Structures are given as C-alpha cells and as structure tokens.
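Starting off with a structure, shown below.
The values are calculated or read from the model by the stated rules, or taken from the named source; none is laboratory data. All of these numbers come straight from a predicted model, not from anything done at the bench. Here the Cβ positions follow ideal geometry from the backbone for every residue, glycine too, while neighbour counts run over all protein chains shown.
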C-alpha cells in the first residue's frame, strides 16, 4: 500500500496482482453507500467488467454500469451528460460511488462526473492502462477537453481508493504500453534518478512481454510513490505539483492541434520531453549528455521523438498561450537541471522555443 497523505482526503493506492477480484472487499472497508456506478469502455468492459461487477455484488453493493466510447476525442461534456443521465436513472445519492474501470480518459471523466454530481460523490479509480496506473488515476485531477485545449474544464476530486492490478496490463495494446512509459520516464527525470537508472539498465522497454516482472513492479511502485509524494506536498498545484507537467506543455499543444486523433497522450509527452530537454540545454540549465540519455530512453521505449508531419510551429507557439499553466501571459515550462531534478520557469524566449521545434521536424 502507498499512502497519499492529504490534509482532509488521504487515501491508499493498493498494488497487487489479481486484486481486481478484491475490488468489492477493498471498497467495503471504506464505509461507502450501497449504490455503485461502474464506468468503463466496451473493450475494457469485455475483459474485466463482469469480474469487477461480480466482486462488487459479492460485497453487497448494488451495481449499475455504463460504457463510454474509447478515445480522447470523446472526453467531452456530451459524454459527461450521459453519465449524469445514468446517475439520475439509477438514483445515485451523496453516499454513492462511481468506479472508473479504464484508462486515463475514463478515469478523468468519471472523476469529473463524481466531482460534480450532487456537488460531489465518492469515486474509486481502477486503472487498466500503464499511463493511468502511474499517473492519471492518482492525485485527484479530473477533467474534460475543450475544443481549443486539453483538460481546460475540470475539478480536483480525490479518489477514495486506487486499485492497481498489474495483471490487466497483459491485455493492453503495445502502443498504449509505450504511451504509459512516457510518464514513467518523466518521473525518472523530475524526481527519481534511481528509477531512471533502472530503466536504462533494461534491454527492452517497448513491449510488456520483454520487461521483467520485477521491473514492472518497480515501475509501478516508484512512479506511484513519486506521484503520491508530490501530490501530498501540493494537492491543488499551487507550486511543486507543476513539475508533473514535464513534457506536457508542448505535448498538450501538439495533441490539441492534431485533434486528439493522431497521437496518444504519452506519445505527445515523449515529443514534449525531447523539446523541453533541448530547451534546457539551450538555456544552459542541463548537460547535453543528460538530454542524450533521456532521448535514448524515449527511443528505446518506441516513442516518437519528432513532431508529426504537417504540424505548424507557429500554431504550436500560439497554442501554448492557451495552456492552463500560463500566468500573466507567460508560458511556464518545466525544465530539467539534472536527472532527478527540474525547475519551473516562465523565462523561455519564444525564439528558443521556435528554434528547438524546428529541430524536431
């Protein structure tokens, strides 16, 4: 168990193989109401929906379920409205719980629906992708996309429990596994040099079947602990938590400009980390050898390191102004100073951004 220690909403992250069978048991100890709405997508539900529902029913919960279509482009108010309709139909009360069984998109939307239904009901996160396990399911950030920017609409709403079953990664498509590895590399750069070194020592990182089971366990525990440490120090992103956005500033802009259809979130973050690393080198904050180590790791994971064809550099620079982290018109970048440490700055000249992006074409 990893504790996320917060002033009023502390909770535990449980990481254990075959723990999906214990979902109902885990939730029984949290003093929740009887009604549960399980939210998933058709693919995930086909693999794990019945198992999750059976576990909940065995623990005495009344369970309804609803599947949303998969993909970032469905992370909209239209999808949230459907969840509200199902919540109303099933008479969810303030003591009721929404359970997010899926990846980051399902987790974000279920969390946002739970945060806003009846001004806030319980949510339990059961992430099924590597990206959600190590990042988005932890920390209480929920949200939906606006056509002009990612996660511009959202709320902080901490889960009551995060349940991680590494076994479910076996049905994860390879591309999704790689996308999750981007967030793992991020933790190595911003917080955990030991994790970074462990990743470097692994011969293969691009497919789950080539990654040893003990390294998967280390990836999950180190990444979740890093996220828990940062969130405990800064729950609402007033300071330190901003470092979790390493690679996301340019990554989000590229996602938005490609309509959330071309790249997975982790793929965009990989490109964003390459860009941020090079900006840090140009500003004299980071050694060239370190950025080469980072980029080699990103390539070993099978993630892209170049901008997609047809993405206009000036459009990226314009999109950066819509980023949630913009303050007084200045774009804030998370930039590495060494492996395991970063700084946040709004003193990045636009010409430097432009020059680095040109190098990524």
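Taking segment 326-344 only, how many residues are over 18 Å from residue 255 (Cα atoms), free of Cβ contacts under 8 Å to residues at least 40 places away in the same chain and either touching a strand residue (DSSP E or B) at 6+ places or on another chain (Cβ under 7 Å) or not in a strand (DSSP E or B) (or both)?
Going through segment 326-344 one residue at a time, the tally reaches 2.
Please verify whether residue 270 is surrounded by 17 or more Cβ atoms within 10 Å (Cβ to Cβ) and either within 15 Å of residue 356 (Cα to Cα) or assigned by TED's automatic domain parsing to the domain that holds residue 340 (or both), treating the condition exactly as stated.
yes
Being under 24 Å from the mean Cα position of the chain (by Cα) and either modelled with pLDDT of 95 or more or closer than 22 Å to residue 138 by Cβ (or both) is true for just one of 67, 58. Which residue is that?
Numbers: 58 fails: under 24 Å from the mean Cα position of the chain (by Cα).
It is 67.
Taking segment 97-149, which residues are out of contact with any strand residue (DSSP E or B) (no Cβ under 8 Å at 6 or more places or on another chain) and in a strand (DSSP E or B)?
If the condition is that a residue be out of contact with any strand residue (DSSP E or B) (no Cβ under 8 Å at 6 or more places or on another chain) and in a strand (DSSP E or B), then 149 is the only one that fits.
Restricting attention to segment 297-313, which residues are surrounded by fewer than 18 Cβ atoms within 10 Å (Cβ to Cβ), touching a residue at least 40 places away in the same chain (Cβ under 8 Å) and over 22 Å from the mean Cα position of the chain (by Cα)?
If the condition is that a residue be surrounded by fewer than 18 Cβ atoms within 10 Å (Cβ to Cβ), touching a residue at least 40 places away in the same chain (Cβ under 8 Å) and over 22 Å from the mean Cα position of the chain (by Cα), then 312, 313 are the ones that fit.
A follow-up question, please. Under 7 Å by Cβ, and 6 or more places apart or on different chains, what pairs join a residue from segment 345-361 that is within 15 Å of residue 334 (Cβ to Cβ) with one that is surrounded by fewer than 13 Cβ atoms within 10 Å (Cβ to Cβ)?
From segment 345-361, the pairs are 346/327.
Working only within segment 19-72, note down all residues that are free of Cβ contacts under 8 Å to residues at least 40 places away in the same chain, part of a helix (DSSP H, G or I), in contact with a strand residue (DSSP E or B) (Cβ under 8 Å, 6 or more places away or on another chain) and under 14 Å from residue 100 (Cα atoms).
42, 53
Across segment 203-237, which residue is farthest from residue 180 (Cα to Cα) among those that are touching a strand residue (DSSP E or B) at 6+ places or on another chain (Cβ under 9 Å) and surrounded by 21 or more Cβ atoms within 10 Å (Cβ to Cβ)?
Checking each candidate, the answer is 231.
Here are the criteria: (1) surrounded by fewer than 24 Cβ atoms within 10 Å (Cβ to Cβ); (2) in contact with a helix residue (DSSP H, G or I) (Cβ under 7 Å, 6 or more places away or on another chain); (3) not assigned by TED's automatic domain parsing to the domain that holds residue 100. Tell me which single one residue 117 does not satisfy.
Only one criterion is unmet by residue 117, namely (3).
Here is a further query. Among the listed residues 160, 178, identify the single one that is modelled with pLDDT of 95 or more and farther than 22 Å from residue 47 by Cα.
From the options 160, 178, the qualifying one is 160.
Per-residue answers, yes or no, for (1) out of contact with any strand residue (DSSP E or B) (no Cβ under 6 Å at 6 or more places or on another chain); (2) in the same structural domain as residue 185 (by TED's automatic domain parsing); (3) modelled with pLDDT under 95; (4) closer than 19 Å to residue 175 by Cβ:
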site	(1), (2), (3), (4)
239	yes, yes, yes, no
259	yes, yes, yes, yes
278	yes, yes, no, no
286	no, yes, no, no
293	yes, yes, no, no
324	yes, yes, yes, no
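Has segment 198-205 got any residue that is in contact (Cβ under 8 Å) with a residue 60 or more places away in the chain, assigned to a helix (DSSP H, G or I) and more than 21 Å from residue 44 (Cβ to Cβ)?
For segment 198-205, residues in contact (Cβ under 8 Å) with a residue 60 or more places away in the chain, assigned to a helix (DSSP H, G or I) and more than 21 Å from residue 44 (Cβ to Cβ): present.
Next question. Before we move on, is residue 80 closer than 24 Å to residue 166 by Cα, touching a helix residue (DSSP H, G or I) at 6+ places or on another chain (Cβ under 9 Å), in the same structural domain as residue 122 (by TED's automatic domain parsing) and surrounded by 15 or more Cβ atoms within 10 Å (Cβ to Cβ)?
Judged against the criteria, residue 80 is not a match.
Would you mind telling me which numbered condition in (1) under 18 Å from the mean Cα position of the chain (by Cα); (2) closer than 27 Å to residue 346 by Cβ; (3) free of Cβ contacts under 8 Å to residues at least 40 places away in the same chain residue 238 fails?
(1) is the only condition that residue 238 fails.
Also, quick follow-up: Considering only residues that are touching a helix residue (DSSP H, G or I) at 6+ places or on another chain (Cβ under 8 Å) and not in a loop (DSSP other than H, G, I, E, B), look in segment 4-18 and name the one that is surrounded by the fewest Cβ atoms within 10 Å (Cβ to Cβ).
14
Sticking with this one: Just one of 247, 259, 284, 329 is on the phi > 0 side of the Ramachandran plot and within 16 Å of the chain's Cα centre (by Cα); which is it?
Being on the phi > 0 side of the Ramachandran plot and within 16 Å of the chain's Cα centre (by Cα) holds for just one of 247, 259, 284, 329, which is 247.
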